[in-house]
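Each remark here refers to the structure printed beneath this line.
The values are calculated or read from the model by the stated rules, or taken from the named source; none is laboratory data. Small disclaimer: the values here were computed from a predicted structure and weren't measured. All Cβ positions, glycine included, derive from the backbone under ideal geometry; neighbour counts span all protein chains shown.
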Amino acid sequence: MINHSTLAHAHPNIAFIKYWGNRNHELRLPSNGSISMNLASLETRTELKIIPEWSSDTLWLNNERQSGASLERVQKFLDIVRSKSHHNLFSEVRSENNFPHSAGIASSASGFAALTVAAVKEYGLNLSEKDQSRLARRGSGSACRSIPSGFVEWHAGTADEDSFSVSIAPSSHWELWDLIAIVDPGIKEYDSTTGHLLAETSQLQHARVMDSIRRLEICRKAILSKDFESLADIIELDSHMLHAVMMTSRPSLFYWSPISILVMKEVAAWRKKGIPAAYTLDAGPNVHVICTADSRAQLLPFIQEIPGVQKVIPSPVGEGAEVIH
Ligand code: PMV
């Protein structure tokens, strides 16, 4: 365990049915289940090395030494690993994303998924995929969906033991793509951890959560039967419901920019014309355009040409988190 390091990698994921709000914030037990696909083109690589002489952890993100909130979040996560492994040893964590932080794509899912598999290996824990997913959840809720491969469902569960993600179909099952339209590279005002705390202040959150079982079922079936029309309808509805909750919370969280709306309108018009495309937005203004392998080549220049779209990052479906060496 000592004097070597573990390198691991993981992909972020895009949620089709979104996670928003917790029943237990400390344990990150979500208010509702969620479904996502991993994004192969985007990746976090994390190297973790135990330094026996050290009395605290250090964190480097994209070669910059971190302090403050991001370091504390990683230290808190490693405290959980230490308590599970009974080794009171501290680590140097070096993490790099192949996507620019400034692109406004959240890296907490891939970051904590990669950190989980690296730490599990390095601290000598013997955990199943399910237990690694439970552990990743403690760092960032959506990170638990980046542990398994392909299309993934996070079962909300009722406690720490039964809140984890499983693969519902491998990446090879359906050649979907996410064309991520980067519309605003700015750092967002409210991160998702703050957002989850505000979810219950919206009168609409209860209705969103109550209806989530129905949406999960439609989404799961659409993926398993490769029914793009049903998938498109349900992911757009789910994204609208998420943003309705965000906009009606106190304080109000308004993540869309005028360009986001422009892209959404264009995607809706293309689908009316028979091109398989659907949109979904997380806690930020970038628009994820989900499409089939056949429609990808046609859509890419269309999206790039929308005024205000700075660039498009295309990604097929990705695998789960793994140790590289
Ligand atoms: O895992 P967090 O705390 O970054 O929350 C993710 C929240 C959304 O991206 C908006 C939805 C989701 O399910 O990924």
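For region 272-312, give me the residue count where each residue is acidic (Asp, Glu) and either within 16 Å of the ligand (Cβ to nearest atom) or under 20 Å from the mean Cα position of the chain (by Cα) (or both).
Selection size over region 272-312: 1.
Consider Ser252 carefully, then state whether it is of a type outside the set (A, V, I, L, M, F, W, C) and either within 16 Å of the ligand (Cβ to nearest atom) or surrounded by 21 or more Cβ atoms within 10 Å (Cβ to Cβ) (or both). Here the answer is yes, as Ser252 does meet what is asked. Taking the criterion of being more than 30 Å from His325 (Cα to Cα), near the ligand (Cβ under 10 Å from one of its atoms) and hydroxyl-bearing (Ser, Thr, Tyr), the only residue of region 27-40 that qualifies is Ser34. Restricting Met264, Met246, Met241 to those that are crowded, with 20+ Cβ neighbours inside 10 Å, away from the ligand (no atom under 14 Å from the Cβ) and either farther than 21 Å from Trp174 by Cα or assigned by TED's automatic domain parsing to the domain that holds Ile180 (or both) reduces the list to Met264.
Filtering region 183-221 to residues that are farther than 18 Å from Asp238 by Cα and modelled with pLDDT under 95 leaves Val183, Asp184, Pro185, Gly186, Ile187, Lys188, Glu189, Tyr190, Asp191, Thr193, Thr194.
Results for (1) crowded, with 23+ Cβ neighbours inside 10 Å; (2) away from the ligand (no atom under 16 Å from the Cβ), shown as yes or no for each residue.
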{"residue": "Ser133", "(1), (2)": "yes, no"}
{"residue": "Gly139", "(1), (2)": "yes, no"}
{"residue": "Ser142", "(1), (2)": "yes, no"}
{"residue": "Trp154", "(1), (2)": "yes, no"}
{"residue": "Ile168", "(1), (2)": "no, no"}
{"residue": "Ser171", "(1), (2)": "no, yes"}
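Being surrounded by 23 or more Cβ atoms within 10 Å (Cβ to Cβ) and touching a Leu at 6+ places or on another chain (Cβ under 7 Å) is the requirement here; does Ile50 meet it?
no
Is at least one residue of region 46-60 β-branched (Val, Ile, Thr), within 14 Å of the ligand (Cβ to nearest atom) and outside the structural domain of Thr280 (by TED's automatic domain parsing)? There is no residue in region 46-60 that is β-branched (Val, Ile, Thr), within 14 Å of the ligand (Cβ to nearest atom) and outside the structural domain of Thr280 (by TED's automatic domain parsing).
Scanning region 166-184 for residues that are among the hydrophobic types (A, V, I, L, M, F, W, C) and more than 18 Å from Trp154 (Cβ to Cβ) turns up Trp174, Leu176, Trp177, Leu179, Ile180, Ala181, Ile182, Val183.
Looking only at region 99-115, residues that are more than 13 Å from the ligand (Cβ to nearest atom) and surrounded by 24 or more Cβ atoms within 10 Å (Cβ to Cβ) come to 2 in all.
Would you be able to say whether some residue in region 192-200 is in the same structural domain as Thr292 (by TED's automatic domain parsing), within 16 Å of the ligand (Cβ to nearest atom) and farther than 28 Å from Asp79 by Cα? Within region 192-200, one or more residues are in the same structural domain as Thr292 (by TED's automatic domain parsing), within 16 Å of the ligand (Cβ to nearest atom) and farther than 28 Å from Asp79 by Cα. Specify the residue that is farthest from Leu179 (Cα to Cα); the eligible residues are those in region 253-267 that are of a type in the set (A, V, I, L, M, F, W, C) and free of Cβ contacts under 8 Å to residues at least 12 places away in the same chain. Only one residue tops the list, namely Phe254. Once region 178-216 is narrowed to residues that are of a type in the set (D, E, K, R) and more than 20 Å from the chain's Cα centre (by Cα), the residue that is farthest from Ala69 (Cα to Cα) is Arg214.
Per the listing Asn13, Asn63, Asn24, the residue uniquely within 16 Å of the ligand (Cβ to nearest atom), surrounded by fewer than 17 Cβ atoms within 10 Å (Cβ to Cβ) and not small (Gly, Ala, Ser) is Asn24.
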